[in-house]
1. Just from its helices, what would the mean residue ellipticity at 222 nm be for the chain, if runs of 4 or more DSSP H residues each count -39500 (n - 2.57) and the sum is divided by every residue, rounded to the nearest 500 deg cm²/dmol?
2. For segment 265-320, what class follows from the C-alpha gyration tensor (a ≥ b ≥ c being the square roots of its eigenvalues): rounded when a/c is under 1.5, otherwise prolate if a/b is larger than b/c, else oblate?
3. Label segment 245-347 by shape, choosing from rounded, prolate and oblate, from the square roots a ≥ b ≥ c of the eigenvalues of the Cα gyration tensor; if a/c is under 1.5 it is rounded, and otherwise prolate applies when a/b is larger than b/c, oblate when it is not.
4. Just order 181-189, 271-279 by mean Cβ neighbour count inside 10 Å, highest at the front, would you?
5. Evaluate the relative contact order of segment 1-75 (contact order divided by residue number), counting alpha-carbon pairs under 8 angstrom at least 6 apart; express in whole percent.
6. Report the extension gain between residue 253 and residue 355 in nm, rounded to one decimal, defined as 0.36 nm multiplied by the number of residues separating them, less their alpha carbon distance.
7. With just the Cα atoms defining each centre, how far is segment 237-312 from segment 86-128? Give it in Å.
8. Between segment 165-210 and segment 356-428, how many Å separate their Cα centres?
Ligand SMILES: [Zn+2]
């Protein structure tokens, strides 16, 4: 594929005008001012549109699109126990499959090329992801509320082991399996340690929820005399590459701990706002050397999967809480949603537009109202654009979404099946 006449924004925010981009074998083969010689298959006139690296959603629970709008404006406990958990108890593998495809379609159409997920019936998520062509790091969340049960006794262990055997590195590496203790408050230190051992033995990365709410954080201190981050460190979890979602209530020494151990924080600003969990101290984390990526969390607590909204919210919140309009500038938050997210997934050759990198990219329509005028294309992307301005989404050099059309997903069928599944679930 050869795309001519495009502006490029790299992961570090630098922009280049009037460029040509060639893709071969799923990777960027040429990026420059000239039109490279050779046979390039499809040639696309970019018409002055903007290419950005594919966006990475570093924390979500994609099947929860089924619960979009099912419980809002409620206290966290009753939201969870009266709405979300009873609904989830009824979910079948088929429900999870259709919910995953709905969420994947939403992400592709709003510029996300890779996501990190934690849920159950994960084989259905993997199947949906493989069919759609998107990238994802899938993890089976491990919880345990029965003190007599060990990690290996849990259904989550069996599913995690099966998932790893069947799907890890499938789809030319587009599917990766991660290990995931759900959180400190839904497990025990010995389970955290056992999941860490499982991850180490299978060379997996780790996803976890960390200090999302004040209650969770303080109850852990009451239980163990340590913060959740300290409990995880002492369980050996931080010896692995970890992505920790939320991190709203980290202490100063927790922030140091995460920096020392190379943990990536998946910052989910809109979910934290909607559930009134608080605001993560991203500027402090960044100054302390903590790696930060961006996520939406689920559509039940967001309620969409548009990463453009999170990019903007992350930057605005950092400015608002610090009373510093220079906090988290456009290029930094853009890097978090691209290269930092890909690196957190263990995809070092993804997340940027550079020769040799995997060709995951998004073409933004520069003729849209929100993209006009073009004083500063990065500013338009970070502060003005939304997922609706995405013209084309490409993963490993394969066009998956273009001009409102999905090339790998029968979206009419997905919409029909999701409505059918939800109707049946509500009737159960
Ligand atoms: Zn979550």
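Read-outs throughout are calculated quantities, based only on the coordinates presented, and are distinct from any laboratory measurement. For clarity, every value in this text was computed on a predicted model and none was experimentally measured. As a convention, Cβ positions derive from the backbone with ideal geometry for all residues, glycine included, and neighbour counts pool all protein chains shown.
1. When only DSSP H runs of four or more count, the value is -10000 deg cm²/dmol.
2. The shape class here is prolate.
3. Note, shape of segment 245-347 comes out rounded.
4. Highest mean packing first, the order is 181-189, 271-279.
5. 34 percent
6. The span from residue 253 to residue 355 would gain 32.8 nm if fully extended.
7. Between the Cα centres of segment 237-312 and segment 86-128 lies a distance of 21 Å.
8. Cα centres, segment 165-210 to segment 356-428: 29 Å.
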